[in-house]
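None of the figures in this text is laboratory data; all of them are computed from the coordinates on show. Not measured: the values here are computed from a predicted model. Neighbour counts run over all protein chains shown; Cβ positions are idealised from the backbone, glycine included.
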Amino acid sequence: MSTSYHQTNGRALDHIQNVVGVTHYTNKLFSFKTTRPKALSFKAGEFVMIGLVIKNKPVFRAYSICSAIWQSWLEFYSIKVPNGPFTSFLQKLTPKSSIIVKAKATGTLTLSGLKPGKRLFLLGTGTGIAPFISIMLDPETYEVFEEVIVVLACRLVAELQYLLEKHQQIVADSQLKPMTKNRIRMYTSVTRDSHPFTGRITTLITSGVLTDDLNMKGLDESDRFMICGSQAMIADTACVLKSLKFKEGSASNPQSFVYEKAFAS
């Protein structure tokens, strides 16, 4: 992997950002922080294209931004795909590496696609939790919703570590505490390890187990949802919500739930 990058097809040198931290959670999951392009502004939940120079050619992938809109760095959360053409190189990043970050964020997984409501459910699987970290860090989230319920389903308990650490950091942060105190609830489900809660998100919703476990009377029309995970998970969860009479929203037509359409197609 090369860490140098020269202007190609109009892409500017200032897209090169330094890696300032890397954390490996399991043999398949890691996060990394980079400096932030001065020209980059984004909404919580959006993604950017990040790139590496591999075999003298820039290769790009879309990655959701985990960090807050107000933080001076960018954070990303990634899976390690065995022999993956991109993550095989990405997982070798160190604080001595650099990476290309395109200074344009976009996406449909934002609060602008939702009507105001009482409870916001963030429904994620695996690395799909990434954009929800940024949303949990966003003051606007707590202006629009009374309560945020983070639901993460993974195969193994070890795969919950990133979210649990971020949650602890958020609720302990002195600046965030006035907004987040007693307003974030966590629900983690594991399918292949021993854990208090088990099952897929779709099953947890349709069976009523999710709301029962959270001591709720059930879902109601004031609930809002954001979905992020594999293509199959997004499609299945959207179908379940539609069957419960919730409507898909967009920035031009806010409704009950949104998902990242770029990752679902």
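Points to keep in mind about this one:
- Between Ser222 and Met49, the contour length at 0.36 nm per residue exceeds the alpha carbon distance by 58.9 nm.
- In a fully extended conformation the segment linking Phe86 and Thr198 would gain 37.1 nm over its present Cα-Cα distance, using 0.36 nm per residue.
- Computed from Cα positions, the angle between helix 231-243 and the longest principal axis of the chain comes to roughly 30 degrees.
- Part-to-part distance (alpha-carbon centres) for segment 217-242 and segment 40-100, which is given in Å: 27 Å
- Rounded to 10°, Cα long-axis angle of helix 161-172 versus longest principal axis of the chain: 80 degrees
- Annotation note: GluC sites (Glu not before Pro) in segment 170-265 located in DSSP loop regions with a Cβ neighbour count of at most 16 within 10 Å are Glu221.
- Nitroxide proxy distance, nm - points 7 Å out along Cα→Cβ at Arg183 and Thr106: 3.2 nm
- In this Cβ point-charge picture (+1 for Lys and Arg, -1 for Asp and Glu), segment 7-129 has a dipole of about 100 debye about its Cα centre.
- ³J(HN,Hα) computed for each position of segment 192-197 - Karplus, 6.51 cos²θ - 1.76 cosθ + 1.60, integer Hz, glycine/proline x: 10, 10, 6, 7, x, 10
- Put simply, the amide H of Gly117, placed in the peptide plane, has no neighbours under 5 Å, leaving out anything fewer than 5 places away on its chain.
- Ordering His24, His167 from the fewest to the most neighbouring beta carbons within 10 Å gives His24, His167.
- Gain upon complete extension [Gln168, Ser72; 0.36 nm per residue less C-alpha separation]: 32.5 nm
- Residue-averaged 222 nm ellipticity for the chain, from DSSP H runs of 4+ at -39500 (n - 2.57), nearest 500: -5500 deg cm²/dmol
- Order of Val101, Val22, Val190, Val157 - criterion: other Cβ atoms within 10 Å of each residue's Cβ, fewest first: Val157, Val22, Val190, Val101
- Counting neighbouring beta carbons within 10 Å and listing from fewest to most, the residues Lys166, Lys217, Lys80 come out as Lys217, Lys80, Lys166.
- Using θ = phi - 60° in the Karplus curve 6.51 cos²θ - 1.76 cosθ + 1.60, the 3J(HN,Hα) couplings for segment 119-131 round to 10, 10, 9, 9, 9, x, 10, x, 6, x, 6, 3, x Hz; x is entered for Gly and Pro.
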